[in-house]
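Here the structure is laid out as structure tokens; the discussion comes afterwards.
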Amino acid sequence: MDLIRFPEMSRGSLRAMRQTVDGAFRDFTRAWGDTLEALFAPLQSLLTFIENLLIRSPWVAVLAVLAVAIWLASRSWRIALGAVLALLVVGYFGMWEDTMRTIAMVAVCTLVAVVLGIPVGILMAQSNRMNGLVTPILDMMQTMPSFVYLIPVVMIFGLGKVPGVIAVVIYAIPPVIRLTNLGIRQVAPDVLEAAEAFGSSSWQKLREVQLPLALPTIMAGVNQTIMMSLAMVVVASMIGVRGLGQPVLQAINQQYFTMGVMNGLAIVAIAIIMDRTTQAYGKRLQKHAEAGK
């Protein structure tokens with residue numbers, strides 16, 4: 001018995017297993033690829049619409065709308081002014097269109113992640129069995145190398161926007177699920193008992209008590225989802241997603257230091273703008289929740 005060499009599957013058996021799995025996935029792709037593409041067509045249309053709206057509209061109007069939206073969320077002129085100045089610098093260095101594409105991509109990915117993630121988080125908070133089932137899946141999603149997500153989506157959808165959105169959502173959705181679950185579970189039991197004493201149903205407790213009190217924590221999850229979406233921009237550019245990630249990838253391949261740094265700093269600027277805005281909005285929600293107690 002060889003105690004030095006670890007016992008392993010024979011190469012022939014391993015090759016046969018890989019070929020079987022790969023063949024089954026290719027058969028699935030051929031059978032359902034067109035159906036899945038049609039299913040995700042509205043997502044591509046939404047992303048294309050937002051991109052065209054941001055790129056083809058006058059840049060002054062886009063800046064004004066973004067500044068107003070940031071101020072409404074944060075109630076901070078400092079954050080709104082900083083965002084405008086950052087975007088002016090980014091645009092001056094010729095990165096306006098790529099920045100708008102990246103903002104559109106992150107907005108759509110965040111929207112999809114929130115729409116899918118919050119209901120899953122609510123179900124996890126309401127059911128320990130659901131929590132035990134979904135938590136290992138979230139662990140896998142957060143620890144799996146991001147490049148691995150690109151393989152199945154490219155095999156099904158090819159190159160383009162839709163596989164990029166799907167890969168980014170898979171990578172970025174765990175925080176909003178986890179923190180929705182955590183926020184609802186952290187609601188004090190005596191608050192729930194008081195709601196029950198007034199005859200509230202489970203739906204009423206969720207809508208009028210648990211979700212409002214958990215909203216600051218949920219917003220922290222949304223913040224992390226936005227940051228993780230931006231972190232996937234460069235990876236998504238490998239499968240044809242246009243934006244600030246493509247020049248960074250080009251700079252890596254062709255060793256263009258300045259191009260890589262400039263576009264990297266543009267991504268950082270967007271991240272800081274979105275981070276400060278969502279954090280300020282979360283703090284406002286926290287104050288409202290504390291005032292309502």
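What does the charge count around Ile103 come to, taking other residues whose C-beta lies under 13 Å from its C-beta (Lys +1, Arg +1, Asp -1, Glu -1)? Let's see the in-between values first.
On the way: positive: Arg101, Arg242; negative: Glu51, Glu97, Asp98.
Overall, the nearby charge balance is -1.
Sparsely packed loop sites in the range 159-240 (the chymotrypsin sites (Phe, Trp or Tyr not before Pro) outside DSSP H, G, I, E and B with at most 12 other Cβ atoms within 10 Å) comprise Phe198.
Which value, in debye to the nearest 20, describes the size of the charge dipole of the chain about its Cα centre when Lys and Arg Cβ atoms bear +1, Asp and Glu Cβ atoms bear -1, and nothing else is charged?
Details: 22 positive and 16 negative charges, 57 e Å.
Roughly 280 debye for the chain.
Would the range 1-62 count as rounded, prolate or oblate if I go by the C-alpha gyration tensor, calling it rounded below 1.5 in a/c and otherwise prolate when a/b exceeds b/c, oblate otherwise? Cα axes put the range 1-62 in the oblate bin.
Summarising the label geometry, the points placed 7 Å from Cα in the beta-carbon direction at Leu53 and Phe257 lie 4.1 nm from one another.
According to the square roots a ≥ b ≥ c of the eigenvalues of the Cα gyration tensor, what is the shape class of the chain, taking rounded for a/c under 1.5, prolate for a/b larger than b/c otherwise, and oblate for the remainder? Intermediate results must be reported in sequence, preceding the final value.
Numbers: a/c = 1.96, a/b = 1.10, b/c = 1.78.
Oblate, since a/c reaches 1.5 and b/c is not below a/b.
What length, rounded to one decimal in nm, is gained on full extension from Phe6 through to Leu265, with 0.36 nm per residue of separation minus their alpha-carbon distance? Walk me through the numbers on the way to the answer.
Numbers: separation 259, 0.36 × 259 = 93.24 nm, distance 4.68 nm.
Using 0.36 nm per residue and subtracting the Cα-Cα distance, I get 88.6 nm.
Shape class for the range 21-129: oblate, because the ratio a/c of the largest to smallest gyration tensor axis (alpha-carbon atoms, square roots of eigenvalues) is 1.5 or more and b/c is at least a/b. Counting only whole DSSP H helices of the chain, the ones at least 27 Å long by C-alpha along their axis and with mean Kyte-Doolittle hydropathy no lower than 1.0 are 96-126, 211-231. Note on Glu196 and Asp275: with the Förster distance fixed at 41 Å, the Cβ-Cβ geometry gives a FRET efficiency of about 0.60. Computed over the range 146-293, the Cα gyration tensor eigenvalues convert (square root of 5λ each) into semi-axes of 40, 19, 9 Å, ordered from largest to smallest. Gain on full extension, evaluated as 0.36 nm per residue between Gln126 and Asp22 minus their Cα-Cα distance, stands at 33.7 nm.
Quick note: the coordinates plus some simple rules give every number you see, no bench work behind them. Just so it is clear, the model here is predicted, and its values are computed rather than measured. Cβ sites come from the backbone with ideal geometry, for glycine too, and all protein chains shown count toward neighbours.
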